[in-house]
Amino acid sequence: MSESIQVPTMAEYMAQGKQPEVLFWVGCAGSFDDRAKKITKAFVKLLHNAGVDFAVLGTEESCSGDPAKRAGNEFLFQMQAMMNIQVLNGYEIKKIVTACPHCFNTLKNEYPELGGNYDVVHHTQFLRDLLNEGRLKVEGGKFKGKRITFHDPCYLGRANNEYEAPRELLRKLEVELVEMKRCKSRGLCCGAGGAQMFKEPEKGDKDVNIERTEEALETKPDMIAAGCPFCNTMMTDGIKAKEKEEEISVMDVAEMIANAEDL
(Lines give C-alpha, C1' and ligand atoms only; values in the text may rest on other atoms or scores of the structure.)
Protein backbone atom coordinates (compact mmCIF):
# COMPACT_ATOMS: atom_id res chain seq x y z
CA MET A 1 0.00 0.00 0.00
CA SER A 2 1.34 3.41 -0.87
CA GLU A 3 2.33 5.49 2.11
CA SER A 4 -0.26 8.09 1.21
CA ILE A 5 -3.17 5.91 2.33
CA GLN A 6 -3.62 6.21 6.06
CA VAL A 7 -6.06 3.81 7.68
CA PRO A 8 -7.45 5.42 10.84
CA THR A 9 -8.58 3.40 13.85
CA MET A 10 -11.87 3.88 15.68
CA ALA A 11 -9.89 4.99 18.73
CA GLU A 12 -8.40 7.85 16.70
CA TYR A 13 -11.83 8.79 15.37
CA MET A 14 -13.33 8.73 18.85
CA ALA A 15 -10.54 10.98 20.14
CA GLN A 16 -11.53 13.53 17.47
CA GLY A 17 -15.22 13.11 18.26
CA LYS A 18 -15.83 11.78 14.73
CA GLN A 19 -17.90 8.85 13.47
CA PRO A 20 -16.92 7.15 10.19
CA GLU A 21 -19.41 6.37 7.44
CA VAL A 22 -18.53 2.69 7.81
CA LEU A 23 -16.34 0.42 9.91
CA PHE A 24 -14.13 -1.91 7.86
CA TRP A 25 -13.99 -5.25 9.68
CA VAL A 26 -10.73 -6.76 8.43
CA GLY A 27 -11.09 -10.28 9.85
CA CYS A 28 -8.39 -12.78 10.83
CA ALA A 29 -7.53 -13.82 7.27
CA GLY A 30 -7.36 -10.24 6.05
CA SER A 31 -5.09 -9.32 8.96
CA PHE A 32 -2.73 -12.28 9.19
CA ASP A 33 -2.77 -14.32 5.99
CA ASP A 34 -0.21 -12.97 3.50
CA ARG A 35 -2.40 -13.70 0.49
CA ALA A 36 -5.52 -12.22 2.07
CA LYS A 37 -3.65 -9.08 3.13
CA LYS A 38 -3.48 -8.20 -0.58
CA ILE A 39 -7.29 -8.30 -0.73
CA THR A 40 -7.43 -5.99 2.32
CA LYS A 41 -5.04 -3.55 0.65
CA ALA A 42 -6.94 -3.61 -2.64
CA PHE A 43 -10.23 -2.94 -0.85
CA VAL A 44 -8.71 -0.07 1.16
CA LYS A 45 -7.45 1.47 -2.09
CA LEU A 46 -10.96 1.32 -3.51
CA LEU A 47 -12.51 2.86 -0.39
CA HIS A 48 -9.91 5.61 -0.51
CA ASN A 49 -10.47 6.14 -4.23
CA ALA A 50 -14.23 6.47 -3.70
CA GLY A 51 -13.73 8.97 -0.88
CA VAL A 52 -15.32 6.71 1.73
CA ASP A 53 -14.80 7.88 5.31
CA PHE A 54 -13.91 4.59 7.04
CA ALA A 55 -12.00 3.30 10.05
CA VAL A 56 -10.83 -0.06 11.43
CA LEU A 57 -10.73 -1.39 14.99
CA GLY A 58 -7.05 -2.31 14.70
CA THR A 59 -5.82 -4.29 17.71
CA GLU A 60 -9.27 -4.00 19.30
CA GLU A 61 -10.67 -6.37 16.67
CA SER A 62 -10.80 -10.02 17.68
CA CYS A 63 -11.86 -13.10 15.69
CA SER A 64 -15.59 -12.97 14.88
CA GLY A 65 -15.92 -16.45 16.41
CA ASP A 66 -17.09 -18.17 13.21
CA PRO A 67 -14.50 -21.01 13.30
CA ALA A 68 -15.18 -21.73 16.98
CA LYS A 69 -18.95 -21.86 16.42
CA ARG A 70 -18.72 -24.02 13.30
CA ALA A 71 -16.36 -26.41 15.05
CA GLY A 72 -18.91 -26.78 17.85
CA ASN A 73 -17.38 -24.62 20.59
CA GLU A 74 -20.40 -22.42 21.30
CA PHE A 75 -18.91 -21.22 24.59
CA LEU A 76 -15.75 -19.87 22.94
CA PHE A 77 -17.85 -18.32 20.17
CA GLN A 78 -20.00 -16.43 22.66
CA MET A 79 -16.95 -15.19 24.57
CA GLN A 80 -15.33 -13.90 21.37
CA ALA A 81 -18.60 -12.38 20.14
CA MET A 82 -19.40 -10.62 23.44
CA MET A 83 -15.95 -9.04 23.52
CA ASN A 84 -16.38 -7.72 19.98
CA ILE A 85 -19.93 -6.53 20.65
CA GLN A 86 -18.74 -4.61 23.71
CA VAL A 87 -16.11 -2.83 21.60
CA LEU A 88 -18.49 -2.18 18.67
CA ASN A 89 -21.28 -0.88 20.90
CA GLY A 90 -18.78 1.24 22.83
CA TYR A 91 -17.96 3.00 19.56
CA GLU A 92 -21.67 3.16 18.62
CA ILE A 93 -20.97 1.42 15.31
CA LYS A 94 -23.91 1.42 12.89
CA LYS A 95 -22.55 0.02 9.63
CA ILE A 96 -19.88 -2.63 9.01
CA VAL A 97 -18.27 -3.81 5.76
CA THR A 98 -16.08 -6.90 5.57
CA ALA A 99 -14.28 -8.80 2.80
CA CYS A 100 -14.87 -12.15 4.54
CA PRO A 101 -18.24 -13.91 4.09
CA HIS A 102 -17.67 -15.83 7.34
CA CYS A 103 -17.33 -12.59 9.34
CA PHE A 104 -20.21 -11.12 7.32
CA ASN A 105 -22.56 -13.99 8.13
CA THR A 106 -21.60 -14.15 11.81
CA LEU A 107 -21.81 -10.39 12.47
CA LYS A 108 -25.04 -10.08 10.47
CA ASN A 109 -26.95 -13.13 11.64
CA GLU A 110 -25.46 -14.32 14.92
CA TYR A 111 -24.45 -11.14 16.76
CA PRO A 112 -28.00 -9.69 17.10
CA GLU A 113 -29.12 -12.30 19.65
CA LEU A 114 -26.08 -11.39 21.76
CA GLY A 115 -26.85 -7.67 21.63
CA GLY A 116 -24.89 -6.65 18.53
CA ASN A 117 -27.18 -5.04 15.95
CA TYR A 118 -25.43 -3.56 12.92
CA ASP A 119 -26.02 -2.99 9.24
CA VAL A 120 -23.49 -5.53 7.89
CA VAL A 121 -22.53 -5.69 4.20
CA HIS A 122 -20.11 -7.81 2.19
CA HIS A 123 -17.44 -5.89 0.31
CA THR A 124 -18.92 -6.86 -3.08
CA GLN A 125 -22.27 -5.35 -2.01
CA PHE A 126 -20.57 -2.21 -0.75
CA LEU A 127 -18.53 -1.79 -3.94
CA ARG A 128 -21.65 -2.32 -6.06
CA ASP A 129 -23.43 0.44 -4.10
CA LEU A 130 -20.44 2.77 -4.56
CA LEU A 131 -20.60 2.13 -8.32
CA ASN A 132 -24.36 2.69 -8.45
CA GLU A 133 -23.95 5.95 -6.53
CA GLY A 134 -21.25 7.02 -8.97
CA ARG A 135 -18.60 7.26 -6.26
CA LEU A 136 -16.47 4.58 -7.86
CA LYS A 137 -15.80 4.25 -11.59
CA VAL A 138 -14.88 0.94 -13.17
CA GLU A 139 -14.15 0.06 -16.77
CA GLY A 140 -12.82 -3.11 -18.32
CA GLY A 141 -9.16 -2.25 -18.15
CA LYS A 142 -6.88 -5.26 -18.35
CA PHE A 143 -9.66 -7.80 -17.69
CA LYS A 144 -11.84 -6.78 -20.63
CA GLY A 145 -12.91 -9.85 -22.62
CA LYS A 146 -11.12 -12.30 -20.33
CA ARG A 147 -12.90 -15.58 -19.58
CA ILE A 148 -13.66 -15.55 -15.87
CA THR A 149 -15.62 -17.94 -13.71
CA PHE A 150 -16.88 -16.85 -10.29
CA HIS A 151 -16.86 -19.24 -7.34
CA ASP A 152 -19.75 -18.48 -4.97
CA PRO A 153 -18.71 -18.36 -1.30
CA CYS A 154 -21.17 -20.50 0.73
CA TYR A 155 -21.72 -17.86 3.39
CA LEU A 156 -22.42 -15.13 0.86
CA GLY A 157 -24.48 -17.21 -1.55
CA ARG A 158 -26.45 -20.03 -0.02
CA ALA A 159 -26.41 -18.65 3.53
CA ASN A 160 -27.34 -15.06 2.64
CA ASN A 161 -28.76 -15.26 -0.88
CA GLU A 162 -26.33 -12.78 -2.43
CA TYR A 163 -25.35 -13.96 -5.90
CA GLU A 164 -25.65 -10.81 -7.97
CA ALA A 165 -23.35 -8.24 -6.31
CA PRO A 166 -20.06 -9.95 -7.26
CA ARG A 167 -21.36 -10.76 -10.75
CA GLU A 168 -22.50 -7.18 -11.31
CA LEU A 169 -18.99 -6.01 -10.47
CA LEU A 170 -17.45 -8.54 -12.86
CA ARG A 171 -19.82 -7.45 -15.63
CA LYS A 172 -18.68 -3.85 -15.04
CA LEU A 173 -15.15 -5.09 -15.76
CA GLU A 174 -16.51 -6.24 -19.16
CA VAL A 175 -15.28 -9.79 -18.68
CA GLU A 176 -16.75 -12.87 -20.32
CA LEU A 177 -18.43 -14.44 -17.30
CA VAL A 178 -18.62 -18.23 -17.65
CA GLU A 179 -20.59 -20.13 -15.02
CA MET A 180 -19.60 -23.50 -13.60
CA LYS A 181 -22.15 -26.31 -13.81
CA ARG A 182 -22.72 -25.95 -10.08
CA CYS A 183 -23.14 -22.25 -9.35
CA LYS A 184 -25.30 -19.84 -7.37
CA SER A 185 -27.71 -21.75 -5.11
CA ARG A 186 -26.27 -25.03 -6.38
CA GLY A 187 -22.65 -23.94 -5.88
CA LEU A 188 -20.17 -26.33 -4.31
CA CYS A 189 -18.16 -25.43 -1.20
CA CYS A 190 -14.43 -24.79 -1.70
CA GLY A 191 -13.75 -27.21 1.14
CA ALA A 192 -12.80 -24.69 3.84
CA GLY A 193 -16.20 -24.02 5.45
CA GLY A 194 -17.18 -25.21 8.90
CA ALA A 195 -13.66 -24.56 10.25
CA GLN A 196 -12.23 -27.15 7.81
CA MET A 197 -9.83 -24.37 6.80
CA PHE A 198 -7.78 -25.10 9.91
CA LYS A 199 -7.42 -28.87 9.71
CA GLU A 200 -6.43 -31.60 7.29
CA PRO A 201 -9.30 -33.24 5.39
CA GLU A 202 -10.65 -36.62 6.48
CA LYS A 203 -9.75 -39.62 4.38
CA GLY A 204 -11.70 -39.91 1.15
CA ASP A 205 -11.32 -40.31 -2.60
CA LYS A 206 -10.71 -36.65 -3.39
CA ASP A 207 -10.33 -33.34 -1.57
CA VAL A 208 -13.29 -30.98 -1.99
CA ASN A 209 -11.10 -28.15 -3.28
CA ILE A 210 -9.74 -30.40 -6.05
CA GLU A 211 -13.28 -31.33 -7.08
CA ARG A 212 -14.25 -27.66 -7.16
CA THR A 213 -11.09 -26.63 -9.04
CA GLU A 214 -11.84 -29.27 -11.69
CA GLU A 215 -15.31 -27.77 -12.12
CA ALA A 216 -13.74 -24.34 -12.55
CA LEU A 217 -11.21 -25.66 -15.08
CA GLU A 218 -14.03 -27.19 -17.15
CA THR A 219 -15.09 -23.63 -18.02
CA LYS A 220 -11.60 -23.06 -19.54
CA PRO A 221 -11.14 -19.78 -17.66
CA ASP A 222 -8.30 -17.28 -17.88
CA MET A 223 -8.98 -16.62 -14.22
CA ILE A 224 -11.04 -17.70 -11.23
CA ALA A 225 -12.73 -14.88 -9.31
CA ALA A 226 -13.44 -15.29 -5.60
CA GLY A 227 -15.14 -13.25 -2.91
CA CYS A 228 -13.75 -14.92 0.21
CA PRO A 229 -10.21 -15.33 1.59
CA PHE A 230 -10.83 -19.01 2.45
CA CYS A 231 -12.14 -19.80 -1.04
CA ASN A 232 -9.15 -17.94 -2.48
CA THR A 233 -6.73 -20.20 -0.58
CA MET A 234 -8.55 -23.42 -1.46
CA MET A 235 -8.91 -22.62 -5.17
CA THR A 236 -5.28 -21.46 -5.36
CA ASP A 237 -4.18 -24.74 -3.77
CA GLY A 238 -6.34 -26.60 -6.28
CA ILE A 239 -4.77 -24.74 -9.21
CA LYS A 240 -1.30 -25.55 -7.84
CA ALA A 241 -2.23 -29.21 -7.45
CA LYS A 242 -3.29 -29.23 -11.11
CA GLU A 243 -0.02 -27.45 -12.03
CA LYS A 244 -1.93 -24.66 -13.76
CA GLU A 245 -0.62 -21.71 -11.75
CA GLU A 246 1.32 -20.42 -14.75
CA GLU A 247 -1.85 -20.00 -16.83
CA ILE A 248 -4.65 -19.39 -14.33
CA SER A 249 -4.74 -17.02 -11.39
CA VAL A 250 -7.24 -16.73 -8.55
CA MET A 251 -8.21 -13.20 -7.55
CA ASP A 252 -10.71 -11.53 -5.27
CA VAL A 253 -13.25 -9.33 -7.05
CA ALA A 254 -11.93 -6.28 -5.15
CA GLU A 255 -8.38 -6.98 -6.34
CA MET A 256 -9.63 -7.22 -9.91
CA ILE A 257 -11.34 -3.83 -9.68
CA ALA A 258 -8.28 -2.23 -8.07
CA ASN A 259 -5.96 -3.81 -10.67
CA ALA A 260 -8.17 -3.04 -13.66
CA GLU A 261 -7.61 0.64 -13.00
CA ASP A 262 -4.12 0.25 -11.53
CA LEU A 263 -5.10 2.44 -8.59
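Apply 1/(1 + (r/R0)^6) to the Cβ-Cβ distance of Glu139 and Lys181, taking R0 = 30 Å, and write down the FRET efficiency to the nearest 0.05. Kindly include the intermediate steps, with their values, before the conclusion.
Values: r = 30 Å, r/R0 = 1.01.
E(calc), rounded to 0.05, equals 0.50.
When you restrict to C-alpha pairs under 8 Å that are six or more residues apart and normalise by the size of segment 137-260, the relative contact order lands at 33 percent.
When ranked by the protection proxy of mean other Cβ atoms within 10 Å per residue, highest first, what sequence do the peptides 159-169, 123-133, 8-18 form? The partial results should precede the final answer.
On the way: 159-169: 18.7, 123-133: 20.7, 8-18: 13.4.
Highest to lowest by the protection proxy: 123-133, 159-169, 8-18.
Computed log10 I(q)/I(0) for segment 10-130 at 0.10, 0.19 Å⁻¹: -0.28, -1.05, from the Debye equation with unit scatterers placed on every C-alpha and solvent omitted.
Quick check for segment 137-260: number of Lys pairs with alpha-carbon distance under 20 Å, counting only pairs 8 or more apart or on different chains? Lysine pairs satisfying the spacing and distance rule in segment 137-260 number 23.
How much length is gained if the chain between Arg158 and Asp53 is pulled fully straight, taking 0.36 nm per residue apart and subtracting their Cα-Cα distance, in nm to one decimal? Can you show the working numbers first?
Numbers: separation 105, 0.36 × 105 = 37.80 nm, distance 3.07 nm.
Between Arg158 and Asp53, full extension yields 34.7 nm more.
Using a cutoff of 8 angstrom between alpha carbon atoms and counting only pairs six or more residues apart, the relative contact order for the chain works out to 20 percent. The separation of segment 227-263 from segment 57-85, counted between C-alpha centres, amounts to 28 Å.
Hey, what does the equivalent ellipsoid look like for segment 110-263, semi-axes from the Cα gyration tensor as sqrt of 5 times each eigenvalue, largest first, whole Å?
25, 23, 12
Here the spin labels are modelled as points 7 Å beyond Cα on the Cα-Cβ line, and at Asn259 and Lys240 they lie 1.7 nm apart.
Hand me the tally of lysine pairs in segment 10-130: alpha carbons under 15 angstrom apart, and the pair either on different chains or 8 or more positions apart.
On the way: Lys18/Lys94; Lys18/Lys95; Lys37/Lys45; Lys69/Lys108; Lys94/Lys108; Lys95/Lys108.
Taking the Cα cut-off of 15 Å, the pair count is 6.
Accessible area per residue, 1.4 Å probe, Å², for the chain: what's the number? If you can, show how the numbers build up before the last one.
Details: 12210 Å² over 263 residues.
For the chain, the solvent-accessible area averages 46 Å² per residue.
As a length-normalised measure over Cα pairs under 8 Å and 6 or more apart, the relative contact order of segment 10-130 settles at 28 percent. Rg and Dmax, both from the Cα atoms of segment 70-171 and both in Å, are 16.3, 49. Given R0 = 22 Å, the distance between the Cβ atoms of Thr9 and Leu114 translates into a calculated FRET efficiency of 0.40.
Please report the carbon-and-sulfur percent of the accessible area for segment 10-130; probe 1.4 Å, protein heavy atoms only, DNA, RNA and ligands left out.
Working: 2670 of 5120 Å².
Summing carbon and sulfur atoms, their accessible area is 52 percent of the total for segment 10-130.
The values are calculated or read from the model by the stated rules, or taken from the named source; none is laboratory data. None of the values given here were measured: they were computed from a predicted structure. For neighbour counting, all protein chains shown are included, and Cβ atoms are generated from backbone atoms with ideal geometry for every residue, glycine included. Accessible surface areas use protein heavy atoms only, side chains included; no ligands, DNA or RNA. Shrake-Rupley method; radii C 1.70, N 1.55, O 1.52, S 1.80 Å.
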